[in-house]
Amino acid sequence: MKTNFLFPNVLKKPSLILLVLSFIGLIFVLNFNDNEAVQLQAKVFALMNDEGFKGPFYFSWTKNNILDELVMLLFIASGLVFAFSKEKTEDEMVAKIRVESLVWATYLNYGILAFCILFIYGLPFLNVMMYNMFTLLVFFIIRFHWMLYKSTKFETNEE
């Protein structure tokens, strides 16, 4: 089976470590760093920037706390590498589980999003959308590895 779009298996463990660390950082940054106790200030280029009462600015440089952006990017990058790294034995069964898990995660993700669209309004919906950026990846990783675990457990019981 051709697996052109998968990362090498050697990246699986390092990406898992980064994924766990960035998940902890993500929870901290999104839930407990409201008063920005931890900051990483940098001058960044913004396509669009809204600084409150001054109005929106387009294509300008601004000073920003980039800690949340870095943690989110690290979570997404390490999650993608972990989720789409080859398994030690990459066969048709693993490919089938991978595709089914991706479809299942997509259905679940958009089902939850539809529920939130119907029942959550105002500023809390912005939080829903922020968390929604990560849930598809998280659902896929959980489902894929659970199904791999179940299939290997089934194979050992069969022998």
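If we sort 61-67, 37-43 on the protection proxy, mean other Cβ atoms within 10 Å, highest first, what's the order?
Peptide ranking by packing, descending: 61-67, 37-43.
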For Phe7, enumerate residues with amide H under 5 Å from its amide H, sequence gap 5+ or separate chain, H modeled in the peptide plane.
-> Ser85, Lys86
Keeping all protein chains in place, calculate the accessible area per residue for the chain (probe 1.4 angstrom), answer in Å².
-> 71 Å²
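For n ≥ 4 DSSP H runs only, could you compute -39500 (n - 2.57) per run for the chain, divide by its residues and tell me the 222 nm figure to the nearest 500?
Working: 4 runs with 97 residues, N = 159.
For the chain, the value works out to -21500 deg cm²/dmol.
For the peptides 103-110, 146-153, what is the packing order when you average, over each peptide's residues, the other Cβ atoms within 10 Å and list the highest mean first? Can you show the working numbers first?
Numbers: 103-110: 15.0, 146-153: 12.6.
My ranking of the peptides, most packed first, is 103-110, 146-153.
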Select one label from [x] 120; [y] 167; [z] 137: the one whose number is volume of the Cα convex hull per residue in Å³ as derived from the coordinates shown.
-> [y]
What residues from the stretch 99-143 fall in the zone where the backbone N is under 11 Å from a label point 7 Å along the Cα-to-C-beta line of Lys150?
-> 101, 143
Could I have the simple spin-label model distance between Ile24 and Leu80, label points 7 Å from Cα toward Cβ, reported in nm to one decimal?
-> 2.5 nm
Which lysines does Lys43 reach when only Cα atoms under 16 Å apart count, and residues fewer than 8 places away in its own chain are ignored?
-> Lys63
When the label point is put 7 Å from the Cα of Phe45 along its Cα-to-beta-carbon vector, which residues of the stretch 56-74 have a backbone N closer than 16 Å?
-> 58-64
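The values are calculated or read from the model by the stated rules, or taken from the named source; none is laboratory data. Here the structure is a predicted model, which means the values were calculated and not measured. In this analysis, Cβ positions are derived from the backbone assuming ideal geometry, glycine residues included, and neighbour counts consider all displayed protein chains. Each accessible area value is taken on the protein alone, full model and side chains, heavy atoms only, with ligands, DNA and RNA left out. Shrake-Rupley method; radii C 1.70, N 1.55, O 1.52, S 1.80 Å.
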